[in-house]
Amino acid sequence: MTHMPQIYPKAPTAGGAAAQSSPKFPEIEELVLKYWDEDGTFQASIDQRDAGENGANEFVFYDGPPFANGLPHYGHLLTGYVKDIVGRYQTQRGRRVERRFGWDTHGLPAELEAMKQLGMTDKKQIEAMGIDKFNAACRESVLRYTREWQAYVTRQARWVDFDNDYKTLNVEYMESVIWAFKQLYSKGLTYNGYRVLPYCWRDETPLSNHELRMDDDVYKNRQDQT
C-alpha cells in the first residue's frame, strides 16, 4: 500500500499556530476516495483474507439490486450505507467479503419505463412491435443510468465491485434462481395455492405489493369502465 496522504488539518504546533477552524469536509472526502482508488484499498481488503476450505471463511451478502433505468435517491443512499456497514464489519472480523454490485432488470417497472420511452400505452402496441424487439428495448432501458449510479455509490464511500457486476437478465443468474427454488420445492418448503391480487387491465398483469407502492406517476386510484 502507498503512504496515506495528509488530509486533515494539522494540530497546533509548539509555536502556537492554530489548526484550521473550518475544514472543507467534501474536499477531505474526495481525497480519501482518491487515495482508496489509487491504493486499491478495497481490493486489498479482499485479497488479504483467505476464503478458507470450501469457502468456510467467506461472508456472502445477498443485496437486493436496484433498477438502473432511474436515478438514485435518498432511499438508495440510506440502505446503501447499511449494506456497506455489514460488509465492512465482517471484513474487520477477518472474513473474505466480495461485494459485487448488481442490477435488477426484471418486472413491471422495467417494462413500463420502456413503454414510456417508446411512447406506448398498451400491450397491443408491444405485440405489434414484436416481443423480441421490445425485450431488446427493455435491456437498453434498464441500464441507462449505470454511470450515474456508479458515481453516486462511489461518492458515498461504499465499497462494491462494479467491474464484476451481475444483472438479473443474465442466463446464469436466472438459472441460479430457478435452481434455488427447485431446492425449496424438493424439500417441501413451497406450496401451491390461490390468492387475490390487484390486476392492471392496461398491462394485463397482476401487481405485486411493491408495484402498488410505486410513485404516483406510475400507479394511482381512479374510476374506470373496465
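How about segment 34-128: which helices (runs of 4 or more DSSP H) wholly inside it have at least 1 residues that are more than 21 Å from ASP165 (Cβ to Cβ) and more than 22 Å from the chain's Cα centre (by Cα)?
74-92, 108-118
Quick one: would you say LEU71 is loosely packed, with under 12 Cβ neighbours inside 10 Å and in contact with a Phe, Trp or Tyr (Cβ under 8 Å, 6 or more places away or on another chain)?
yes
Any residue at all in segment 181-191 that is touching a Gly at 6+ places or on another chain (Cβ under 7 Å) and closer than 26 Å to LYS83 by Cβ?
no
On the given criteria, is GLN48 of a type in the set (S, T, N, Q) and at pLDDT below 90?
The answer is no for GLN48.
I'm trying to understand the selection: among the residues of segment 16-29, which are part of a helix (DSSP H, G or I) and either at pLDDT 95 or above or open to solvent by less than 50 Å² (accessible area, probe 1.4 Å) (or both)?
ILE28
Take segment 53-68 and flag every residue that is out of contact with any Asp or Glu (no Cβ under 7 Å at 6 or more places or on another chain), free of Cβ contacts under 8 Å to residues at least 60 places away in the same chain and either under 21 Å from GLU148 (Cβ atoms) or open to solvent by 30 Å² or more (accessible area, probe 1.4 Å) (or both).
Those that are out of contact with any Asp or Glu (no Cβ under 7 Å at 6 or more places or on another chain), free of Cβ contacts under 8 Å to residues at least 60 places away in the same chain and either under 21 Å from GLU148 (Cβ atoms) or open to solvent by 30 Å² or more (accessible area, probe 1.4 Å) (or both): GLU53, ASN54, ALA56, GLU58, PHE59, VAL60, PHE61, TYR62, ASP63, GLY64.
Pairs please, first residue from segment 142-164 and under 30 Å from LEU118 (Cβ atoms) and in contact (Cβ under 8 Å) with a residue 60 or more places away in the chain, second anywhere and open to solvent by less than 60 Å² (accessible area, probe 1.4 Å) and part of a strand (DSSP E or B), Cβ atoms under 6 Å, 6+ apart in sequence or on different chains.
What qualifies is PHE162/PHE101.
Which of the numbered conditions does SER141 fail, given that it passes all the others? Conditions: (1) surrounded by 15 or more Cβ atoms within 10 Å (Cβ to Cβ); (2) hydroxyl-bearing (Ser, Thr, Tyr); (3) modelled with pLDDT of 95 or more.
Of everything listed in (1) surrounded by 15 or more Cβ atoms within 10 Å (Cβ to Cβ); (2) hydroxyl-bearing (Ser, Thr, Tyr); (3) modelled with pLDDT of 95 or more, SER141 misses just condition (3).
Looking only at segment 74-104, how many residues end up being under 24 Å from GLU148 (Cβ atoms), open to solvent by 70 Å² or more (accessible area, probe 1.4 Å) and not charged (D, E, K, R)?
The qualifying residues number 5.
Here's the yes/no breakdown for (1) charged (D, E, K, R); (2) surrounded by fewer than 17 Cβ atoms within 10 Å (Cβ to Cβ); (3) closer than 20 Å to LEU33 by Cβ; (4) touching a strand residue (DSSP E or B) at 6+ places or on another chain (Cβ under 8 Å):
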position	(1), (2), (3), (4)
GLU113	yes, no, no, no
GLN117	no, yes, no, no
ASP122	yes, yes, no, no
ASP132	yes, yes, no, no
ASN135	no, yes, no, no
ARG147	yes, yes, yes, no
PHE162	no, yes, yes, yes
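The values are calculated or read from the model by the stated rules, or taken from the named source; none is laboratory data. Computed from a predicted model, the values in this text were never measured in an experiment. So basically every Cβ, Gly included, is an ideal-geometry build from the backbone, and we count neighbours across all protein chains shown. Keep in mind that these areas ignore ligands, DNA and RNA; they rest on the heavy atoms of the full protein, side chains included. Shrake-Rupley method; radii C 1.70, N 1.55, O 1.52, S 1.80 Å.
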